[in-house]
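Provided herewith is a single structure, encoded as structure tokens, for subsequent inquiry.
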Amino acid sequence: MNKIQMNDEILNHSYGVRIEGGHTVFSVWAPLSDDVKVCIYKTARDIRRKTHAMVNQNGIWTLSLEGDFTGKFYTYLIDGYEVIDPYVHSCSGNSTKGAILDARQVNPEGFLDHKKPKPVDRLDAILYEVHVKDFSIDHGMPFKHKGKYLAFTEKGLTFEGHKIGIDHLVELGVTHVHLLPVFDFITVNDYDDDDYNWGYDPYLFNCPEGSYALKPDDPKSRILELKQLIQSIHEAGMHVVLDVVYNHTYFGGTSNFERLMPGIFHRRTDDGHYHNGSGCGNEVQTEHPFVGKFILDSLKFWLEVYQVDGFRFDLMALYDINFVKVMSDSLKAIKPDIMLYGEPWTGGPSGLDYDLQMTKGKQRDTFVSLFNDDFRNAIKGSNDGSDLGFLGGIYRKQDVYAGCFGSIKFNDDIMGFAKYAHETVNYVSSHDNLILIDKFSKADYHRPFEEKQNMSASALALVILSFGVPFIQAGTEFLRSKYGDHNSYKSSAYINRMHWSYKRDHRHVFDFVKNLIEFRHSQKVYNLDSDKDIKKVIHMYDDIEGVVRYRIESPYKSDYKSIYIAYNGTDKVKTFDVTGYKIHIDGALYYKDQCEIRDGILHLPRYASVILIKEI
């Protein structure tokens, strides 16, 4: 089936529904079907339909109906099965019918020419990953639109004098708001505000998720409100990154892709079974020309129609490297400052040859950055286990140094996967697995909470102060917990919510992280990208057990003359000579004995970090 003859007509055709010249035109590729009809419904919940036969030419089925059918709903009836158009822009509540509309024509006031933030170099980016519902669902907080897109438009909100919501993001200093999936996913009831899922169960890839909209049955509501979210973030000076999940489909054999294009969209074994490199039952065959077209069409759609600023790719090793290169070049041509990054692994054995998988090392010359799990594990240990890493006294300093220096080849002992620092996304936690404070709690439940707080703060310091692209999971800047739930993808909103009261309780942690971000943005040296330039400015020390420390001698006059960064990964105070330096940011947040210099000797408390500077 996969040997269907492809040609330029198929690959250059515009699919979906469009309104033009007083007609409503439908188009779908169904190369093996003998009969395809369009079913028209007057309302979202209508069970009566009117069917219209489509015309087949080279497997492209089309129908042109006189009149503008905007506001009505449609499906395709194909060989006895009723399916939703994969190219649909919106749908009814719970994704039962496609909506006849063009998302390009559905815009909130001022959206088309709204003020966008200035382009930023990716090495100036601070990525902040957040789930739409987590952001505002806490019932003790003054959000009007709890759990909805529009919560991101609510300004001026506080809790006991502390900024929350979008004002918190501005105060923190992040540059890119990474939204967990906002395309239509299938397992949440759009009408139940208590229902929950992260959204990695994709169904309609070009349609916004309905459960975040005020009116799920109004197909314009989800479009307008998502665009309002994007406009609000832009006007607050930040960029928007969408988390996209093209690596698998929620449904396999019953998916709209499989009904319309049997054997095209999913990788199969020789005996016809689905490969399962996603761990979700199937994996998408990105190397097929039409599949590549669909994904690229979709990415361009979000980039141009919703004016987003980048994409994060789930399980990116399931994408073939040839597609990634084409995709990257195509999107960069549209938006030169686009942010592209993804996970360089699969969720299980894949049907894609390993040499073609987008794994670490293959990102070179693609303009795509990859999550650095080596650095993550070196800092904290495994994601969900009770083991620890450097922050816990475990000797993994070489891996930590590599991460600090942008995962370039620094010397024969310290090297990572990157050719340039921008290729590494540095992080210590994300939506998957234990959130940061819960990881340190599991590793040693009886450890004093003060120590776990310092470990969390130092872990974020390692992320923010290292060469490369920093990534922060929402709420870790004020010690957000998920009560030890390591896989909360369908847990309650209560478990997953942002604990905004924690910002009050752990304000000193927030202020520390905020100061780190301000410091990074103030120093031009962090824009250095090549191994040659980075090696030239760093002087490394490796003579004290459990301590990572190095100097940065910036070539830029606007920077401090010399920056000295140190981390203590142990539960003992460490001392060393820092003559000529003064403390700029003290990362010993919880002890009576703060970082201090006595007679040129720095006393660095347990699990603490410090930035020292020399101005002249």
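The values are calculated or read from the model by the stated rules, or taken from the named source; none is laboratory data. Predicted model, so just to flag it, every value in this text is computed and none were measured. For neighbour counting, all protein chains shown are included, and Cβ atoms are generated from backbone atoms with ideal geometry for every residue, glycine included.
Given the criterion farther than 18 Å from Val245 by Cβ, at pLDDT 95 or above and assigned by TED's automatic domain parsing to the domain that holds Gly342, identify the matching residue among Tyr200, Tyr149.
After applying the criteria, what remains is Tyr149.
Do you know which residues across region 379-415 are farther than 16 Å from Gly468 by Cα and assigned to a helix (DSSP H, G or I)?
If the condition is that a residue be farther than 16 Å from Gly468 by Cα and assigned to a helix (DSSP H, G or I), then Lys380, Lys397, Gln398 are the ones that fit.
Listed here are the residues, each with its yes/no results for (1) closer than 27 Å to Phe185 by Cβ; (2) in a strand (DSSP E or B).
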{"site": "Glu9", "(1), (2)": "no, no"}
{"site": "Ser14", "(1), (2)": "yes, no"}
{"site": "Val17", "(1), (2)": "yes, yes"}
{"site": "Thr24", "(1), (2)": "no, yes"}
{"site": "Lys37", "(1), (2)": "no, yes"}
{"site": "Ile47", "(1), (2)": "yes, no"}
{"site": "Asp68", "(1), (2)": "no, no"}
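Check whether at least one residue in region 342-356 is crowded, with 23+ Cβ neighbours inside 10 Å, closer than 30 Å to Ser481 by Cβ and small (Gly, Ala, Ser), and report yes or no.
yes
Part of a loop (DSSP other than H, G, I, E, B) and acidic (Asp, Glu): which single residue out of Asp184, Asp217 fits that description?
Sole residue among the options that is part of a loop (DSSP other than H, G, I, E, B) and acidic (Asp, Glu): Asp217.
Of the residues that sit in region 563-585 and are in contact with a strand residue (DSSP E or B) (Cβ under 8 Å, 6 or more places away or on another chain) and surrounded by fewer than 18 Cβ atoms within 10 Å (Cβ to Cβ), which one is farthest from Leu388 (Cα to Cα)?
Here the residue is Gly580.
Out of all the residues in region 320-329, which are closer than 13 Å to Lys300 by Cα and either buried (at least 21 other Cβ atoms within 10 Å of the Cβ) or in contact with a helix residue (DSSP H, G or I) (Cβ under 6 Å, 6 or more places away or on another chain) (or both)?
Matches in region 320-329: Met327 only.
What is the number of the single condition among (1) farther than 24 Å from Tyr128 by Cα; (2) modelled with pLDDT of 95 or more that Asn433 does not meet?
(1)
Say whether the condition of being assigned to a helix (DSSP H, G or I), of a type in the set (S, T, N, Q) and surrounded by fewer than 23 Cβ atoms within 10 Å (Cβ to Cβ) is met by at least one residue in region 452-466.
The answer is yes, given that some residue of region 452-466 is assigned to a helix (DSSP H, G or I), of a type in the set (S, T, N, Q) and surrounded by fewer than 23 Cβ atoms within 10 Å (Cβ to Cβ).
Any residue in region 153-172 that is in the same structural domain as Val509 (by TED's automatic domain parsing) sitting within a Cβ distance under 6 Å of a residue that is surrounded by fewer than 16 Cβ atoms within 10 Å (Cβ to Cβ) and among the acidic types (Asp, Glu)? List the pairs, counting only those 6 or more apart or interchain.
Lys163/Glu171
Do the conditions hold for Lys118, that is, is it of a type in the set (Lys, Arg), assigned to a loop (DSSP other than H, G, I, E, B) and in contact with a Gly (Cβ under 9 Å, 6 or more places away or on another chain)?
Taking the combined requirement at face value, the residue satisfies it.
If you scan region 416-450, which residues turn out to be of a type in the set (A, V, I, L, M), part of a loop (DSSP other than H, G, I, E, B) and within 21 Å of Leu180 (Cα to Cα)?
Result: Val428, Leu434, Ile435.
While we're looking at this one, here's another question. Is there any pair linking a residue in region 534-554 that is over 17 Å from Leu462 (Cβ atoms) to one that is of a type in the set (S, T, N, Q) and part of a strand (DSSP E or B), with Cβ under 6 Å and at least six apart or on different chains, and which?
Going by the 6 Å Cβ cut-off, the qualifying pairs are Glu553/Ser562.
Condition check ((1) aliphatic (A, V, I, L, M); (2) touching a residue at least 60 places away in the same chain (Cβ under 8 Å); (3) more than 30 Å from Lys532 (Cβ to Cβ)) across all residues:
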{"position": "His431", "(1), (2), (3)": "no, yes, yes"}
{"position": "Lys442", "(1), (2), (3)": "no, no, yes"}
{"position": "Ser458", "(1), (2), (3)": "no, yes, no"}
{"position": "Gly468", "(1), (2), (3)": "no, yes, no"}
{"position": "Phe478", "(1), (2), (3)": "no, no, yes"}
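Let me ask something additional. Only one of (1) touching a residue at least 12 places away in the same chain (Cβ under 8 Å); (2) assigned by TED's automatic domain parsing to the domain that holds Phe471 fails for His139. Which number is that?
(1)
Going by the structure shown, is Pro181 in contact with a Lys or Arg (Cβ under 6 Å, 6 or more places away or on another chain), modelled with pLDDT of 95 or more and under 21 Å from Lys490 (Cα atoms)?
For Pro181, the condition - in contact with a Lys or Arg (Cβ under 6 Å, 6 or more places away or on another chain), modelled with pLDDT of 95 or more and under 21 Å from Lys490 (Cα atoms) - is not met.
A further question follows. Within region 354-370, is even one residue without any contact (Cβ under 8 Å) to a residue 60 or more places away in the chain, touching a strand residue (DSSP E or B) at 6+ places or on another chain (Cβ under 6 Å) and under 24 Å from Ser456 (Cα atoms)?
No: region 354-370 contains no residue that is without any contact (Cβ under 8 Å) to a residue 60 or more places away in the chain, touching a strand residue (DSSP E or B) at 6+ places or on another chain (Cβ under 6 Å) and under 24 Å from Ser456 (Cα atoms).
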